[in-house]
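Notes for the one structure printed next.
Nothing in this text is a laboratory measurement; each read-out follows from the coordinates by a stated rule. In this text the structure is predicted, and so the values were computed from the model without any measurement. Every residue, glycine as well, gets a Cβ built from its backbone with ideal geometry; the counts of neighbours run over all protein chains shown.
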Amino acid sequence: MTTARPTPRLPLRPELAGETPYGAPQLDVPVLLNVNENPYAPPAAVVAEIADAVTRAAHGLNRYPDRDFRELRGGLAAYLTRESGVPGLDADHLWAANGSNEVMLHLLQAFAGPGRTAVSFAPTYSMYPEYARDTFTGWIEGRRRDDFTLDVDHVLATIAEVRPAVVLLASPNNPTGTALALAEVERVLAATSASGPDGASTVVVVDEAYAEFRRPATPSALELLADHPYLAVTRTMSKAFALAGARVGYLAAAPALVDALRVVRLPYHLSAVTQAVALAALRHTDTLLGQVAVLREERDSLVTWLRGKGLDAADSDANFVLFGTFEDRERVWQSLLDAGVLIRVVGPPGWLRVSVGTPQENAAFRAALEEVLEP
């Protein structure tokens, strides 16, 4: 008689049991407005230079890439200096990885981990607690005000109580589009020079993934870097540069903070192809960012239109708009999808988020939503 063997069971970490991978639906529909992509593909001349750069890099793929990618770091520093007007940035102040997601992971690997805590304030980017989970970091989530602005008094009280290793603040915030005032960031920085583990600083991360879309006179936290060695300002080439498929994120910080990230990064983490693509794109900064002003205008027009339809729409400094509220947002989302328009169910109950597309895509969204709103 044969005895049945027990089915092997993988030793999955208990906190991962029942978890599903992060990600928005990837569906083949005419209008894709759900993941905040830049709707304008790189122009032919940029594509040609990127292809040429990749071809040249391919001749050396038998060798490992430059693991410190100083040429790219220098190029990113020059871009940030130009974009923000902040002087003094060079390669030593820059770090990059495969998307700003990996940059965030490096930050928590270096400064958080077991026995330490990271903090953010909801509603905000839904990946933040996953970075904490994946680095065995404790996670505390405070709150924002009802209008999605940051309640700095609540932030400071939370920091004093928790003494976190890392604080994550998005500006503009995802999914609300809300930007931070420099005075708000300064208050947080003033309270975090010795608020971390064992009296060390708390690393304050200002996530500026959508910074290029901010409205005029909205400053960047880069202006505060020189006086705060525990501040990191993260950016990405995915949005304004229309390079989501290239996976290039980066940050600016004091050289000592950057050096700590070099310790935890995997060897040769940024491929020769990725470096070549990013450098080629930086040579065409003006061209690739040429549609940013158009997207800002389309965003502001969309906010006005949504409010004109009797809906709430959050003020946005990003390339998306959070709007609502709906008793059954899933029904609204599905109705839009049935009309060929994909947006995102995200944020507080009752709210939806739409990315800003081309004028034609935005018109398709408005037409589809009007159908949904008809009594």
> Taking the Cβ of Phe121 as the center, what net charge do the other residues with Cβ under 15 Å away carry, scoring Lys and Arg +1 and Asp and Glu -1?
Replying inline: -4
>> Quick one: 3J(HN,Hα) in Hz for the stretch 89-94, Karplus 6.51/-1.76/1.60 with θ = phi - 60°, rounded, Gly and Pro as x.
In response: 7, 9, 4, 5, 8, 10
>> Please report the projected area of the stretch 1-118's Cα convex hull averaged over all directions, in nm².
In response: 16.4 nm²
> Of all DSSP beta bridges in the chain, what percent run antiparallel (nearest 5)?
Replying inline: 45 percent
> Which residue, chosen from Pro87, Ala53, Val167, occupies the Cα position most advanced towards the positive end of the dipole of the stretch 47-287, where the dipole is computed from +1 (Lys, Arg) and -1 (Asp, Glu) charges on Cβ about the Cα centre?
Replying inline: Ala53
>> At 0.36 nm per residue, and after removing the present C-alpha to C-alpha distance, how many nm does the segment from Glu371 to Ala226 gain when stretched out fully?
In response: 47.0 nm
>> Among Thr234, Thr20, Thr137, which one shows the highest mean-square fluctuation when the chain is modelled as a Gaussian network with alpha-carbon springs under 10 Å?
In response: Thr20
>> If amide hydrogens are placed 1.01 Å from N in the peptide plane, which non-local residues have theirs closer than 5 Å to the one on Gly357?
In response: Asn362
> Rg and Dmax of the stretch 47-287 over Cα atoms: what are they, in angstrom?
Replying inline: 17.6, 56
> Quick one: putting +1 on the C-beta of Lys and Arg, -1 on the C-beta of Asp and Glu, what dipole do you get for the chain around its Cα centre, in Debye to the nearest 20?
Replying inline: 980 debye
> Fully extended, how many nm does the chain gain between Arg145 and Asp300 (0.36 nm per residue separation, minus their Cα-Cα distance)?
Replying inline: 53.6 nm
> What is the gain in length, in nm to one decimal, between Tyr64 and Glu186 on full extension, counting 0.36 nm per residue of separation less the C-alpha to C-alpha distance?
Replying inline: 39.8 nm
> Nearest 0.05, what FRET efficiency do Ser271 and Tyr40 give at R0 = 30 Å with Cβ-Cβ as r?
Replying inline: 0.75
>> Between Arg331 and Leu12, how high is the FRET efficiency from 1/(1 + (r/R0)^6) when r is the Cβ-Cβ distance and R₀ = 41 Å? Nearest 0.05.
In response: 0.70
> Per-residue HN-Hα couplings for the stretch 187-202, Karplus 6.51 cos²θ - 1.76 cosθ + 1.60 at θ = phi - 60°, whole Hz, x for Gly and Pro?
Replying inline: 5, 5, 5, 5, 9, 10, 5, 9, 9, x, x, 6, x, 6, 5, 8
> Can you work out the FRET efficiency for the pair Asp338 and Ala293, with r the C-beta to C-beta distance and R0 = 51 Å, to the nearest 0.05?
Replying inline: 0.95
> If the convex hull of the alpha-carbon atoms of the stretch 72-155 is projected onto planes in all directions, what is the mean projected area in square nanometres?
Replying inline: 7.2 nm²
> Highest GNM mean-square fluctuation, the chain, Cα pairs closer than 10 Å: which of Ala221, Ala132, Ala364?
Replying inline: Ala364
>> Quick check on the exposure proxy: order Arg299, Arg366 from fewest to most C-beta atoms within 10 angstrom.
In response: Arg366, Arg299
